[in-house]
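Quick one: structure below, then a few questions.
The values are calculated or read from the model by the stated rules, or taken from the named source; none is laboratory data. Fair warning: this is a prediction, and the values are worked out from it, not measured in the lab. Backbone-built Cβ (ideal geometry, glycine too); neighbour counts: all protein chains shown.
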Amino acid sequence: MVKYIDPAKIERLGLEAWDWVLAHVLVWPTAVQAAIVIVAFLVARLLAPKLVALITRTADHPKFPNWLAPKVRSCASLSFAFVWLALQWFSVFAAIEAEWPSRLIESVVSLLTAWVVIRFASSFVRDAGWSRTLAVFAWSVAALNLVGLLGPTVHTLESMALSMGDIRLSVLGLIKAGIVLMLLLWVAGIMSRLIEHRLDASQTLSPSARVLVSKLIRVLLIVITIIAALESIGIDLTALTVFGGAIGLGIGFGLQKVISNLMSGVILLMDKSVKPGDVIAIDGTFGWINRLSARYVSVITRDGIEHLIPNEDLISQRVENWSYSDSLIRLKLPIGVAYESDVPLAMTLAVDAAKNVKRALDNPAPVCRLMNFSDDAVELELRVWICDPQKGVANVQSEILLNIWNLYHENGVEFPFSQRDLHIKPSVPLRVEMVSKGTSDSDAFDDLSDNPKGDLKDS
């Protein structure tokens, strides 16, 4: 059976909706609030271009940090939203102080705040998951505020709590602590990077000292942020001292390797045994140090592969630092020449080949030594000094050896090659006789088969 829509019911609903509009929308307080929102919008439109120009000039200043300039320019795109939101917040405070209705302005403020938070997160938060989480949180708060459920929701979250002695942890407190912790960590990250750039520009501190100071400052800022987050939810830090021994014991067993690497990193920075830019060799890995981290050392090889070596390995294992006290290193190139060659000439040509290489030093000068007389060759050794091992070693060796190859061929110096003389001594003498043409191959084969020792008798 088909049910038809009752026109009277529709008319009644329309009249009720119109009465609600007349009672709540088309009233003087709502009109004033709408006018305030529109005026704030127009003022923000007028002030935003000037603010954008000011922020852009500040970011383009030569003395402004290069790493911070892109983020400041990202804030310039939000100038309009920031100005409009600031004006709306001022309107809300003025309305509350004057005891005027501000429901519409508060709704606009909620939506603007959510929009600014989302835009800000998309500009500064690189992780897509965190950015999406902030967006959901902002729109959820705005929606609850619009429907008037923000207060009851806050009360419900506050009532959901866990008490442990004098410590009371509520869901709302944990959310507040999380928000405070994220904001403070973000601020601490900006401050630590700013300090690191200041330290990098310092000429009085060594590279190891700069890394050590920057790491200590970062750790200090993180500790301060954690303490501030705990204080924000009303946790008395003195009550946590009871758990200090248990926490220390747990760290000692569970995080033994992590703590060892951290302490090893501090030791490496303090004794200055390795620093960024040093050329090292450890456990078959040869390359230069890219950076020192709290847990590992980044070493980049000539192949472009970045090896993350734990700090503990650089303390417990043997490390070859080619640029620790002096960047001068000596290369030893073995050379072999034939016995028929002019050995003194070969030694002179080897030295000349090294002198024609740009990276080979003149002081100390290259030298060539006669090392041994082997079975196949006269063994020489060319010794060359370089002062820039971070640019590679194999490329210098290849260039020198190529020059030696060309000079030896031009001057008749021969390279040796392995040879062996084989002397065969048969245990049974062989006697060979000529067989006449009249004898067939089969007859000759029969003669051989009749003599197992291989003797050939006259037929």
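Tell me the helices (runs of 4 or more DSSP H) entirely within the stretch 28-108 that contain at least 3 residues that are modelled with pLDDT under 75.
Details: elements: 28-59, 69-76, 79-98.
Correct list: 28-59, 69-76.
Being modelled with pLDDT under 75, over 26 Å from the mean Cα position of the chain (by Cα) and either surrounded by 12 or more Cβ atoms within 10 Å (Cβ to Cβ) or of a type outside the set (Ser, Thr, Tyr) (or both) narrows it down to one residue among 229, 209; which is it?
Details: 209 fails: over 26 Å from the mean Cα position of the chain (by Cα).
Testing whether each residue is modelled with pLDDT under 75, over 26 Å from the mean Cα position of the chain (by Cα) and either surrounded by 12 or more Cβ atoms within 10 Å (Cβ to Cβ) or of a type outside the set (Ser, Thr, Tyr) (or both) leaves just 229.
Which residues, counting only those in the stretch 276-286, are at pLDDT 85 or above and surrounded by 17 or more Cβ atoms within 10 Å (Cβ to Cβ)?
280, 282
Any residue in the stretch 108-119 that is buried (at least 18 other Cβ atoms within 10 Å of the Cβ) sitting within a Cβ distance under 6 Å of a residue that is among the polar types (S, T, N, Q) and assigned to a helix (DSSP H, G or I)? List the pairs, counting only those 6 or more apart or interchain.
Within 6 Å, the pairs are 108/88; 109/88; 110/145.
Mind listing just one residue for me: the one in the stretch 311-367 that is of a type in the set (Gly, Ala, Ser) and assigned to a helix (DSSP H, G or I) and, of those, surrounded by the fewest Cβ atoms within 10 Å (Cβ to Cβ)? Give the derivation first.
Our first condition is that a residue be of a type in the set (Gly, Ala, Ser); within the stretch 311-367, this holds for 316, 323, 325, 327, 336, 338, 341, 346, 350, 353-354, 360, 365.
Keeping just the survivors that are assigned to a helix (DSSP H, G or I) gives 316, 346, 350, 353-354.
On the way: 316: 11, 346: 24, 350: 29, 353: 26, 354: 26.
Selected residue: 316.
To continue, here is another question. Against the conditions (1) among the hydroxyl-bearing types (Ser, Thr, Tyr); (2) modelled with pLDDT of 80 or more; (3) closer than 26 Å to residue 328 by Cβ, where does residue 296 fall short? Just the number, please.
Of (1) among the hydroxyl-bearing types (Ser, Thr, Tyr); (2) modelled with pLDDT of 80 or more; (3) closer than 26 Å to residue 328 by Cβ, only one is false for residue 296: (3).
Of the residues 437, 457, which is of a type in the set (D, E, K, R), at pLDDT below 85, part of a loop (DSSP other than H, G, I, E, B) and in contact with a helix residue (DSSP H, G or I) (Cβ under 9 Å, 6 or more places away or on another chain)? Give the derivation first.
Numbers: 437 fails: in contact with a helix residue (DSSP H, G or I) (Cβ under 9 Å, 6 or more places away or on another chain).
Going through 437, 457 in turn, the sole match is 457.
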